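The values are calculated or read from the model by the stated rules, or taken from the named source; none is laboratory data. Just so it is clear, the model here is predicted, and its values are computed rather than measured. Cβ coordinates were reconstructed from backbone atoms using ideal geometry, including for glycine residues, and neighbour counts include every protein chain displayed.
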Amino acid sequence: MTRPALRSILWLGFFGAILASWWWLYAMAMQMDLDLIGRPGPMGEAMRRMDPRMDMYMPMAEFWPLFAMWAVMMAAMMLPTMVPTLRAYEDLMISANGTRIGWLGVLAGYSIAWLAFAALITTVQLGLLFSGVIDMLGIATSPLVAGGLLIAVGAFQFTRAKEICHGVCHSPMSFFLTRWRTGARGGLWMGLRLGAFCVGCCWGFMALGFVGGMMSLLWMGLATVFMVLEKLPQIGHFVIKPMGFALIFGGIAVIASPIVMGG
């Protein structure tokens, strides 16, 4: 197989995985909508077997279904942000002795880092669910919690940790030039490091799902677009702090709204 053909196959597979992930999330969201309005479905029947008092089933109360949802969500939302990183690796393949196996290693390492985060946030979500902080849809049950989360994620946009992690995500070429390793193991090592920095940069936008609902396609779409914009060389540095201000003001508005309405 020629190198151009292999490159095309790998990139097509990469974008195919993104499209398949979004399709899966859309199908799951639609199924949840059907169950919410009382129409029959496999999710509703499963929940009724778990608890006869429940009218619907949500895969939010068990680790493995919830982890699977988060894993697919990671693929749908984070793989698009990895395009500049994979392109940067390709640019160094000839001059720095890179290979397609190394390219796959970078992708694998990055994915492993986000799968680890998926396991962590799955555990956190279950804890929040069983403590009553969020409901079965993954939405915060209190405006104070929702607003506090918005403020916390907004404030994180101004921290040194965000600056460091975003610096690596924003300039993967600099990372490769200073930490280059060849072969599949080298690619895996670099991918793990890049994935860890990416988690550090973007974890807050994943956590914001507890404000709008874990299966909100609107939230997922907007968060994905913003995280892609953050990594664009031309504008990435200019959108971080405005988003921080927007999230903080949004959090204050969410907390104040029941007070204003009640008063």
Filter region 59-81 down to residues that are of a type in the set (F, W, Y) and touching a residue at least 12 places away in the same chain (Cβ under 8 Å) and give me whichever is surrounded by the fewest Cβ atoms within 10 Å (Cβ to Cβ).
F63
Counted residues in region 18-32 being buried (at least 16 other Cβ atoms within 10 Å of the Cβ) and closer than 12 Å to A75 by Cβ come to 5
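Give the residue, chosen from A146, A152, that is touching a helix residue (DSSP H, G or I) at 6+ places or on another chain (Cβ under 8 Å) and surrounded by fewer than 16 Cβ atoms within 10 Å (Cβ to Cβ).
A152
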Output for region 211-239, where each listed residue is among the hydrophobic types (A, V, I, L, M, F, W, C), closer than 23 Å to L149 by Cβ and touching a Leu at 6+ places or on another chain (Cβ under 8 Å)
V211, M214, M215, L217, W219, M220, A223, V239
Taking G195 and the conditions (1) part of a helix (DSSP H, G or I); (2) within 18 Å of A246 (Cα to Cα); (3) out of contact with any Cys (no Cβ under 7 Å at 6 or more places or on another chain), which numbered condition does it fall short on, given that it satisfies the others?
(2)
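Would you say M190 is farther than 23 Å from Q125 by Cβ, surrounded by 19 or more Cβ atoms within 10 Å (Cβ to Cβ) and either in contact with a His (Cβ under 7 Å, 6 or more places away or on another chain) or among the aliphatic types (A, V, I, L, M) (or both)? Steps first, answer last, please.
Working: farther than 23 Å from Q125 by Cβ: yes; surrounded by 19 or more Cβ atoms within 10 Å (Cβ to Cβ): yes; either in contact with a His (Cβ under 7 Å, 6 or more places away or on another chain) or among the aliphatic types (A, V, I, L, M) (or both): yes.
So M190 fits the description; yes.
Among the candidates G183, G221, G209, which residue alone is surrounded by fewer than 17 Cβ atoms within 10 Å (Cβ to Cβ), at pLDDT below 95 and under 11 Å from the mean Cα position of the chain (by Cα)?
Details: G183 fails: under 11 Å from the mean Cα position of the chain (by Cα); G209 fails: surrounded by fewer than 17 Cβ atoms within 10 Å (Cβ to Cβ).
Only one candidate qualifies: G221.
Within region 82-103, take every residue that is under 21 Å from G16 (Cα atoms) and among the small types (G, A, S) and give me the one that is surrounded by the fewest Cβ atoms within 10 Å (Cβ to Cβ).
Looking only at region 82-103, we keep the residues that are under 21 Å from G16 (Cα atoms), and these are 82-90, 100-103.
Checking the rest, the ones that are also among the small types (G, A, S) come to 88, 102.
On the way: A88: 18, G102: 25.
Step by step, filter region 82-103, then rank; the result is A88.
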Which one of these is farther than 17 Å from F175 by Cβ, small (G, A, S) and surrounded by 15 or more Cβ atoms within 10 Å (Cβ to Cβ): A118, A113, A108?
A118
